[in-house]
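J.: Supplied in C-alpha cells, the structure appears directly below.
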Amino acid sequence: MTTLQTLQDILVRDYRLAHDQVAPEAVLSSLGLDSLSVLELMFKIEDRFLLKITGDTPTDLVTVSDVVVYIDGLLASQTALAVAAQTSVRATM
C-alpha cells in the first residue's frame, strides 16, 4: 500500500470522507480539515506509519499530496537515521 493510499484510508475512515474526495490535489480545508484537524491527523499518521513527528506541524500542508510528500520525507529521514545507527554500531564492534 502506498503512502497516498494509506493516507486516503485514514481520511476516509476517521474523517468520514468519500474516497473520491481525497484525491492528491484535494485541498485539506475543502475537505473540512482545519488546523486542529490537521494536528489530529499528524497523531494518526504517527500511529499508522510508526513515526515520531518532532517539532511543529508544518503550516504549508495545503493538499493531500503535500501531506504525502511530508510523510515520505519523514519515512526517508527515519530510514536514514536507522541506517546511520546500524553503521555506527558496526563500526564500534
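J.: From Thr59, Thr54, grab the single residue that is open to solvent by 50 Å² or more (accessible area, probe 1.4 Å), closer than 21 Å to Thr79 by Cβ and assigned to a loop (DSSP other than H, G, I, E, B). Walk me through it before giving the result.
T.: On the way: Thr59 fails: closer than 21 Å to Thr79 by Cβ.
Among Thr59, Thr54, only Thr54 is open to solvent by 50 Å² or more (accessible area, probe 1.4 Å), closer than 21 Å to Thr79 by Cβ and assigned to a loop (DSSP other than H, G, I, E, B).
J.: Inside the range 21-36, can you point out the residues that are at pLDDT 95 or above and either surrounded by 16 or more Cβ atoms within 10 Å (Cβ to Cβ) or outside any loop (DSSP other than H, G, I, E, B) (or both)?
T.: Answer for the range 21-36, where residues must be at pLDDT 95 or above and either surrounded by 16 or more Cβ atoms within 10 Å (Cβ to Cβ) or outside any loop (DSSP other than H, G, I, E, B) (or both): Gln21, Val22, Ala26, Val27, Leu28, Ser29, Ser30, Leu31, Leu33.
J.: Of everything in the range 1-18, what is surrounded by 10 or more Cβ atoms within 10 Å (Cβ to Cβ) and modelled with pLDDT under 95? Give them in sequence order.
T.: Across the range 1-18, there are no qualifying residues.
J.: Is one or more of the residues making up the range 39-62 in contact with a strand residue (DSSP E or B) (Cβ under 7 Å, 6 or more places away or on another chain) and at pLDDT 95 or above?
T.: Here is the first cut: in the range 39-62, the residues in contact with a strand residue (DSSP E or B) (Cβ under 7 Å, 6 or more places away or on another chain) are 62.
Still in the running and at pLDDT 95 or above: 62.
Taking every residue of the range 39-62 in turn, at least one turns out to be in contact with a strand residue (DSSP E or B) (Cβ under 7 Å, 6 or more places away or on another chain) and at pLDDT 95 or above.
J.: Does Leu74 qualify as being under 15 Å from Leu7 (Cβ atoms), at pLDDT 95 or above, open to solvent by less than 50 Å² (accessible area, probe 1.4 Å) and part of a helix (DSSP H, G or I)?
T.: No: the conditions fail for Leu74.
J.: Mind checking which residues of the range 23-61 are of a type in the set (A, V, I, L, M, F, W, C) and closer than 20 Å to Thr2 by Cβ?
T.: Looking only at the range 23-61, we keep the residues that are of a type in the set (A, V, I, L, M, F, W, C), and these are 23, 26-28, 31, 33, 36, 38-39, 41-43, 45, 49-51, 53, 61.
Of everything in the range 23-61, those that are of a type in the set (A, V, I, L, M, F, W, C) and closer than 20 Å to Thr2 by Cβ turn out to be Ala23, Ala26, Leu28, Leu31, Leu41, Met42, Ile45, Phe49, Leu50, Leu51, Ile53, Leu61.
The values are calculated or read from the model by the stated rules, or taken from the named source; none is laboratory data. The model shown is predicted, which means the values in this text are computed figures rather than measured ones. In this analysis, Cβ positions are derived from the backbone assuming ideal geometry, glycine residues included, and neighbour counts consider all displayed protein chains. For accessibility, only protein heavy atoms count, side chains too; no ligands or nucleic acids. Shrake-Rupley method; radii C 1.70, N 1.55, O 1.52, S 1.80 Å.
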